[in-house]
Amino acid sequence: MACPICAKRNPRRFCPARGDTICAVCCGTEREVTIDCPIDCPYLVASRQYDLERREVDWSKVPFADAKIPAAFVAEHEKLLLALSYTICRAAQDDRRVVDSDVLAALGALVEAYRTLSSGIYYEKPPDYRVQREIYDAVKLAVEEFKKADAQTRGMSGLRDGEIRDALTFLTQLGATRANGRPKGRAFLDFLRTQFKSEEFSKPASKIVLLP
């Protein structure tokens, strides 16, 4: 028997996405390109670890390269970042079509909106693609819910638009460094999921992570 994809090489790897055995070359070249790989595929897991260990990030090409988000900011705003990450994961769980590029497009548009807002100008341009627009709207709503909860806790010293901008920028930059650029790639999404217990996604959307 030959590999069902290339019809040339011997099939040696079972592909859980296809339900049959394919060759190693097609596994490597079609993974997250034409094959919608499940998160627990051992070849997918191994390839991501391999890529991550050898990846060299060109920070000049990372989105919003002019913005450097310090580690101190990340530590101080951990709950906000977790709230936004949770919202993204929930949106992706509800729609299997969501891939890393959709998340990055939505986050990038939100960063642009909050960049203008923090400078005193209100302007936003949500993505046209419906899947990306839904992520955009979900994250925007999560931000508003977090701001309300934060204002009730801290009063007038609540979360500022500039802080939201920086949190969104951090997630966008993190996503750009984690994503592998493949059309069906979900390396960033799967990384975000590791920040939560699996049972948290089996419950109705919770506001626990939204509480400051």
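Residues ILE69, ILE35, ILE164 in ascending order of nearby Cβ atoms (within 10 Å, fewest first): ILE69, ILE35, ILE164. Against the empirical 2.2 N^0.38 Å (N residues), the range 1-153 has a Cα radius of gyration ratio of 1.34. Potential lengthening of the chain between THR177 and ARG133 amounts to 13.6 nm, from the contour at 0.36 nm per residue minus the alpha-carbon distance. Annotated for the range 64-210: lysine pairs at least 8 residues apart or interchain, Cα distance under 20 Å, count 13.
Averaged over residues, the count of other Cβ atoms within 10 Å places the peptides 47-54, 137-144, 80-87 in the sequence 80-87, 137-144, 47-54, highest first. Once C-alpha pairs closer than 8 Å and six or more residues apart are averaged by separation and normalised to the residue number of the chain, the relative contact order reads 25 percent.
Taking 8 Å as the Cα distance limit and 6 or more residues as the minimum spacing, I'd like the relative contact order of the range 64-187 as a percentage.
Values: 120 pairs, mean separation 44.4, N = 124.
It comes to 36 percent, rounded to a whole number.
Calculated mean residue ellipticity, 222 nm, the chain: -17000 deg cm²/dmol, from DSSP H runs (n ≥ 4) at -39500 (n - 2.57) each, averaged per residue and rounded to 500. On the beta carbon distance between CYS6 and THR194, with R0 = 35 Å, the FRET formula returns roughly 0.60. In this structure, LYS125 and ARG54 have a Cβ-Cβ separation that, at R0 = 22 Å, corresponds to a calculated FRET efficiency of about 0.05. Here the label points at ALA71 and GLN152, each 7 Å from Cα along the C-beta direction, are separated by 3.5 nm in the simple model.
Which peptide among 117-127, 16-26, 93-103 comes first, and what is the full order, when sorted by highest mean count of other Cβ atoms within 10 Å?
Values: 117-127: 12.2, 16-26: 16.3, 93-103: 17.8.
Ranking the peptides 117-127, 16-26, 93-103 by packing returns 93-103, 16-26, 117-127.
Taking the beta-carbon count within 10 Å as an exposure proxy, list TYR129, TYR114 from fewest neighbours to most.
Working: TYR129 14, TYR114 22.
Taking fewest neighbouring Cβ atoms as first place, the list is TYR129, TYR114.
The numbers here are math on the coordinates, done by the rules we state, and not lab data. Since the structure is predicted, the reported quantities are computational estimates derived from the model, not experimental observations. With ideal geometry, Cβ positions are generated from the backbone for all residues, glycine too; neighbour counts draw on all protein chains shown.
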